[in-house]
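Notes follow once the structure below has been shown.
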Amino acid sequence: MALHYKIDQIDKQILEILQENAKITNAQLSKDINLSPAPTLERVKKLENAGYIQSYHARLDAQKLGLGVTTFVNVKLNKHNKSSNESFIKQINAIDEIVECHYVTGSSDYVLKVVSKDIDSYQHLIMNEISEIAEVDNMQTMVILNTIKDSDSLPIPEVTPALAKNADNS
């Protein structure tokens, strides 16, 4: 259960630093924000409990893991009702190569981010798994040629009364 917690400038600094280096020690973090270790740890715990920090992850190198092809797939469903959406979501959640799924507006219903070993394995995935989902009407693939920017860091708005109000309403 997320607690209501208003962030201040020090919390903003903590969030920015943790986005860049989640493995930072509490001692180093406290030095970086000019606060002693105990209150620093208390602030991090409050940010976690309030839901600002959802998790900590290792970022893996897809190329080194042999995942050389990344694509975005626009998917249009043949029906637009709750049961069709739920069935589609359940089935794509079972496919490990689909690493992201976004429900979108526009000419598609969903955008999938798919990672594969190579084009042949991507084609096999499309032909034997994704296109076999009954709710899928149409797909359009965009193969990523080169990634220019790939950031996991969110821009943190300046601490304002509006941000504090949003924290109260969550």
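The values are calculated or read from the model by the stated rules, or taken from the named source; none is laboratory data. Remember, it's a predicted structure, so these values are computed and weren't measured experimentally. Note: ideal-geometry Cβ built from the backbone for every residue, glycine included; neighbour counts use all protein chains shown. Only protein heavy atoms, including side chains, enter the accessible area calculation; ligands, DNA and RNA are left aside. Shrake-Rupley method; radii C 1.70, N 1.55, O 1.52, S 1.80 Å.
Legend: residues 151, 30, sorted from most to least accessible area (1.4 Å probe; ligands, DNA and RNA excluded), read 151, 30. Each residue of segment 114-121 was assigned a 3J(HN,Hα) from its phi angle through the Karplus curve 6.51 cos²θ - 1.76 cosθ + 1.60 (θ = phi - 60°); the sequence is 10, 10, 9, 4, 7, 4, 4, 5 Hz, with glycine and proline shown as x. Each of the GluC sites (Glu not before Pro) that DSSP puts in a loop and that has at most 11 other Cβ atoms within 10 Å breaks the chain; the longest unbroken stretch is 1-131. Report note on the peptides 7-14, 49-56: ranked by the mean count of other C-beta atoms within 10 Å, highest first, their order is 7-14, 49-56. Only lysines eight or more places from residue 6 in sequence, or on another chain, were considered; those with a Cα closer than 22 Å are 45, 46, 165. Expressed as a fraction of 2.2 N^0.38 Å, the value expected for a compact globular protein of N residues, the C-alpha radius of gyration of the chain is 1.33.
Counting only protein heavy atoms and a 1.4 Å probe, segment 47-170 has 70 square angstrom of accessible area per residue.
Dipole check for segment 1-159: with +1 at the C-beta of Lys and Arg, -1 at the C-beta of Asp and Glu, and the Cα centre as origin, the magnitude is about 400 Debye. Cross-link pairs exceeding 20 Å in C-alpha to C-alpha distance, out of 82/113; 12/149; 64/113; 23/117, comprise 82/113; 12/149; 23/117. Accessible area per residue was computed with a 1.4 Å probe on protein heavy atoms; residue 126 scores about 20 Å². On the protein heavy atoms, probe 1.4 angstrom, tell me the percent of accessible surface of segment 1-96 carried by carbon and sulfur. Within segment 1-96, the accessible surface is 53 percent carbon and sulfur. Placing a pseudo-label 7 Å from each Cα along the Cα-to-Cβ vector at residue 134 and residue 83 gives an inter-label distance of 0.9 nm. Extension gain for residue 9 to residue 24 (0.36 nm times residue separation, less C-alpha to C-alpha distance): 3.5 nm. Counting only alpha carbon atoms, the long axis of helix 82-93 and the longest principal axis of the chain meet at about 80°.
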